[in-house]
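Q: Here's a structure for you.
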Amino acid sequence: MIPVSYYLFISSLLFSISLAGIFLNRKNILIMLMSLELMFLSINFNFIIFGNYLNDIAGQIFVFFILTVIAAESAIGLAIIIVLYRVRNSINVDDIGGLKG
Amino acid sequence: MSYLFYFLPEIFILSVLSFVIVLDLFLKESKKNISYYILQISLIIVFLYLFSLLFQKNISNYELYDISNFTNLFKIFTVLLSIIIFYYSYSYLQRFKIYKSEYFIILIFGLLGMMIMVSANHLLILYLGIELLSLSLYTIIAYNRTSVRSSEAAVKYYILGAMSSGFLLFGISLLYGITGSLLYDEISSVIESMNFNNQDFSTHSIGLIFSLIFILISIAFKFGAAPFHMWIPDVYEGSLTPTTLMISTLPKVAIFVILIKLTSSIFASLEIYWSEMILILAVISVLIGNIIAISQTNIKRMLAYSTIANVGFILLGIYTGPENGYEAALFYTITYTLFTAAVFGLISEINIGDSSLEKIDDLGGLNQKFPLMAVMILIVMLSMIGIPPMLGFYAKFYVIQSLVLSGSTVLAIFAVIMTVIGSFYYLRVIKVIYFDDENTSISPSLYHLISYVFVLTLFLLGIFPNLLSTIISFAIGNL
């Protein structure tokens with residue numbers, strides 16, 4: 001039996017990678033979206049492990065809700081990026097700087 | 001079936017929304033405003049229903065969903081404010097010929113999300129409510145899709161908002177793993193039974209503090225407290241003025257209610273930890289908000305920084321703890337919300353040429369042309385500074401009083417100094433209105449009767465502040 005802490009280590013590692021992906025990435029917004037997706041998957045991993053460890057169904061049900069919500073969330077995110085591309089002709093992170101002060 | 005009773009207002013709003021979405025497809029372009037009227041009327045019906053619930057005795061509580069008088073009063077307040085926001089939005093969108101029924105449909109989805117998250121007694125329901133609110137906000141910020149600033153603000157808010165939801169979920173997952181439950185009551189009793197103190201650093205207590213930090217970061221982000229405030233100025237400037245009116249008022253109250261519900265139930269036995277974190281957030285917010293606001297020239301951006309400063313004041317109230325701090329903080333939140341609504345309402349009613357008001361200097365000489373409008377802005381600005389007969393004075397007074405009572409006199413002095421610094425940028429608006437040269441292209445819209453009534457009501461509330469404080473102590477007593 002593998003201890004729970006090993007799984008938790010992996011999920012925290014995935015979470016940190018996704019955070020680094022959001023903050024260090026200076027090129028493309030799509031990569032940020034992928035990092036966000038990775039973040040939610042690491043959280044799902046956490047819930048599944050805890051649900052299994054506690055023998056409790058609630059954690060696994062939570063995962064289904066998260067999956068549904070992030071599907072809607074990325075649909076909205078992609079729609080917003082399309083809007084930005086129409087008015088700007090670019091989705092580079094460096095080009096987003098119209099609002100300053 | 002009897003459980004449905006608890007969700008009645010939410011179910012009613014959802015069914016009206018579904019009906020309007022379908023109905024809107026079959027309406028002619030010139031008749032689209034029928035959807036607006038239907039939604040507005042349904043809001044009034046919900047308001048009356050919620051109001052009647054206040055006088056009902058013996059409402060049994062349901063463990064997943066909380067319909068106590070506290071949440072009920074919150075819902076009454078939000079629905080009432082939504083009716084006013086709807087009115088301002090409608091008049092603004094009609095004036096600039098960008099009316100679409102979807103705007104109001106999305107606004108009501110946000111309202112629904114807020115009602116759900118405030119009533120939640122279960123972390124899953126809380127998460128779903130917060131997401132419903134955030135998804136509507138992302139969409140509504142990007143509403144003005146021909147404008148670069150609007151879509152940029154939406155992208156920024158989307159990335160940061162999704163990230164903060166991730167933080168919230170990570171915190172919830174840790175909490176779930178440690179306590180084995182998602183219900184507020186069960187979690188708080190499990191944490192209480194651990195009864196750990198400062199010296200005990202077992203795995204469990206470290207995990208709990210981690211989850212507390214994650215959840216608090218997420219809430220601070222959505223609240224707009226200082227190290228996590230970077231989205232506020234961009235979103236306020238980028239979105240349409242009625243959208244700013246919505247974003248700066250309702251979600252703030254909802255997040256405030258979530259914060260005091262979480263700190264008084266789940267994290268009640270961790271007070272030594274969260275009170276320090278909230279203190280840091282509060283001090284940085286008051287400092288950054290007041291100082292950066294001084295150098296702003298765009299009125300929406302200036303009000304964005306003043307929001308950050310006000311959030312800091314609210315957090316100072318929460319820091320002093322449940323006994324008298326929550327009451328002061330709630331009073332401050334309600335006052336701040338009402339006056340922000342009033343000031344953004346007035347701003348949305350002023351046209352500069354063919355566009356809406358952006359620069360503070362464009363208000364020049366408003367007094368010569370429209371003295372009544374100038375007086376209204378004067379009242380609102382004086383109240384936001386905290387000049388005595390206004391409501392804003394009592395709000396600041398209660399927060400500072402609770403700071404003094406809890407023994408943190410240094411913080412009280414700090415709050416007073418920051419209030420004095422903050423008065424500079426509000427007074428500048430008054431100076432531009434009364435003493436600057438006249439700007440000829442300025443023209444208020446014709447619809448502004450309601451804003452006058454609204455501001456005068458707020459003025460009267462300031463003369464009789466006991467009215468508001470009675471309601472608020474009643475609400476906190478039912479928490």
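Q: Given a 1.4 Å probe and the protein chains all in place, what does the accessible area of A:Met32 round to, in Å² to the nearest 10?
A: It works out to around 20 Å².
Q: Now for a separate question. Put B:Lys28, B:Lys369 in order of accessible area, largest first, 1.4 Å probe: what do you get?
A: Per-residue accessible area, sorted high to low, gives B:Lys28, B:Lys369.
Q: Compute the FRET efficiency between B:Asp361 and B:Arg149 as 1/(1 + (r/R0)^6), taking r as their Cβ-Cβ distance and R0 = 25 Å, and round to the nearest 0.05.
A: Step by step, r from the Cβ atoms, then E = 0.85.
Q: Ok, one more. Report, in whole Å, the centroid distance computed from the Cα atoms of region B:144-173 and region B:331-398.
A: Comparing the Cα centres of region B:144-173 and region B:331-398, I get a distance of 29 Å.
Q: Let me ask something else about it. When the chain is fully extended, how far beyond the present Cα-Cα distance does A:Asp94 get from A:Asn52, taking 0.36 nm per residue of separation?
A: 10.8 nm
Q: Could you check how much of the accessible area of region B:4-477 is carbon and sulfur, as a whole percent, using a 1.4 Å probe?
A: On region B:4-477, the fraction of accessible area on carbon and sulfur atoms equals 69 percent.
Q: Enter the accessible area of B:Arg95 (Å², nearest 10), with the probe set to 1.4 Å and all protein chains included.
A: 50
Q: Non-local amide H neighbours of B:Lys359 (under 5 Å, H modeled in plane, Pro and chain starts lacking H): which ones?
A: Those qualifying (amide H under 5 Å, at least 5 residues apart or on another chain) are B:Ile299.
Q: What FRET efficiency comes out for B:Val416 versus B:Ile294 if R0 is 25 angstrom and r is the Cβ-Cβ distance? Round to the nearest 0.05.
A: Result of the calculation: an efficiency of 0.90.
Q: According to the square roots a ≥ b ≥ c of the eigenvalues of the Cα gyration tensor, what is the shape class of region A:4-88, taking rounded for a/c under 1.5, prolate for a/b larger than b/c otherwise, and oblate for the remainder?
A: Judged from the Cα gyration tensor, region A:4-88 comes out oblate (a/c at least 1.5, b/c at or above a/b).
Q: Just how large is the dipole of the protein assembly as shown about the Cα centre, in debye to the nearest 20, putting +1 at every Lys and Arg Cβ and -1 at every Asp and Glu Cβ?
A: It comes to approximately 1200 debye.
Q: Can I ask one more? Rank these residues by their accessible area, most exposed first, probe 1.4 Å: B:Thr440, B:Thr297.
A: Largest accessible area first, the list is B:Thr440, B:Thr297.
Q: In addition: Dipole of region B:31-129, Cα-centred, from +1 at each Lys and Arg C-beta and -1 at each Asp and Glu C-beta, to the nearest 20 debye?
A: The dipole magnitude comes to about 540 debye.
Q: With every protein chain left in place and a probe of 1.4 Å, what is the accessible surface of B:His204, to the nearest 10 Å²?
A: Accessible area, nearest 10 Å²: 100 Å².
Q: How would B:Tyr49, B:Tyr305 line up by accessible area, probe 1.4 Å, largest first?
A: Largest to smallest exposure gives the sequence B:Tyr49, B:Tyr305.
Q: Just going by the charge dipole of region B:4-477, with Lys and Arg at +1 and Asp and Glu at -1 on Cβ, which of B:Ile278, B:Tyr332, B:Met376 is farthest out on the positive end?
A: The listed residue farthest towards the positive side: B:Met376.
Q: Also: For a 30 Å ceiling on Cα separation, which of these pairs sit above it: B:Lys97/B:Lys431; B:Lys31/B:Lys252; B:Lys75/B:Lys300; B:Lys300/B:Lys396; B:Lys100/B:Lys359?
A: Check vs 30 Å cut-off fails for B:Lys97/B:Lys431; B:Lys31/B:Lys252.
Q: In Å², nearest 100, what accessible area do chains A and B bury in total when the solvent probe is 1.4 Å?
A: Summed over both sides, the interface buries about 3700 Å².
Q: Report the charge-dipole magnitude of chain B in Debye, nearest 20, computed about the Cα centre from +1 at each Lys and Arg Cβ and -1 at each Asp and Glu Cβ.
A: For chain B, the charge dipole is close to 960 debye.
Q: While we're looking at this one, here's another question. Along the positive direction of the dipole of the protein assembly as shown (beta-carbon charges: Lys, Arg +1; Asp, Glu -1; about the Cα centre), which of B:Ile360, A:Ile31, A:Gly77 reaches farthest?
A: Value computed over the given set: B:Ile360.
Q: Further, regarding this structure: To make sure I understand the rule: partners must be aspartates and glutamates, Cα under 12 Å from the Cα of B:Lys32, and not fewer than 8 residues away in the same chain. Which ones qualify?
A: By straight Cα distance, B:Lys32 reaches B:Asp24, B:Glu102.
Q: Now for a different question. Shielding of A:12-22 by partners, i.e. mean partner chain Cβ atoms within 10 Å per residue?
A: 2
Q: Counting pairs of Cα atoms in chain B, how many percent are more than 28 Å apart?
A: When all Cα pairs of chain B are counted, 51 percent exceed 28 Å.
Q: Treat each spin label as a single point 7 Å out from the Cα along the C-beta direction, and report the B:Thr409 to B:Phe5 distance in nm.
A: Those two pseudo-labels are separated by 5.4 nm.
Q: Using a 10 Å cut-off on Cβ to Cβ distances, tally the other chain neighbours for every residue of A:64-70 and report the average as a whole number.
A: Mean inter-chain Cβ contacts per residue within 10 Å come to 4.
Q: Let me ask something else. So if I restrict to the alpha-carbon atoms in region B:81-168, what is the Rg, and what is Dmax, the biggest pairwise distance, in Å?
A: Values for region B:81-168 (Cα only, Rg and Dmax): 14.3, 43 Å.
Q: Roughly speaking, to the nearest percent, how much of region A:4-88's 1.4 Å accessible area is carbon and sulfur?
A: Answer for region A:4-88: carbon and sulfur cover 73 percent of the accessible area.
Q: Could you give the accessible area per residue of the protein assembly as shown, probe 1.4 Å, as a whole number in Å²?
A: It amounts to 40 Å² per residue over the protein assembly as shown.
Q: What does the charge add up to near B:Ile67, with Lys and Arg as +1, Asp and Glu as -1, over the other residues with Cβ less than 13 Å from its Cβ?
A: Combined, the nearby Lys, Arg, Asp and Glu give -2.
Q: Among B:Ile98, B:Leu124, B:Ile141, whose Cα projects farthest towards the positive end of the dipole of region B:95-155, with charges put on the beta-carbon of Lys, Arg (+1) and Asp, Glu (-1)?
A: My answer, from the dipole projection, is B:Ile98.
Q: At what distance in nm do the modelled label points of B:Ile45 and A:Arg26 sit from each other, each positioned 7 Å from its Cα along Cα→Cβ?
A: Computed distance between label sites B:Ile45 and A:Arg26 equals 5.6 nm.
The values are calculated or read from the model by the stated rules, or taken from the named source; none is laboratory data. Since we're looking at a predicted model, the values are computed, not measured. Quick reminder, even Gly has a Cβ in these numbers, built from the backbone with ideal geometry, and neighbours come from all protein chains shown. Calculation scope for accessible area: heavy atoms of the full protein, side chains included, ligands and nucleic acids excluded. Shrake-Rupley method; radii C 1.70, N 1.55, O 1.52, S 1.80 Å.
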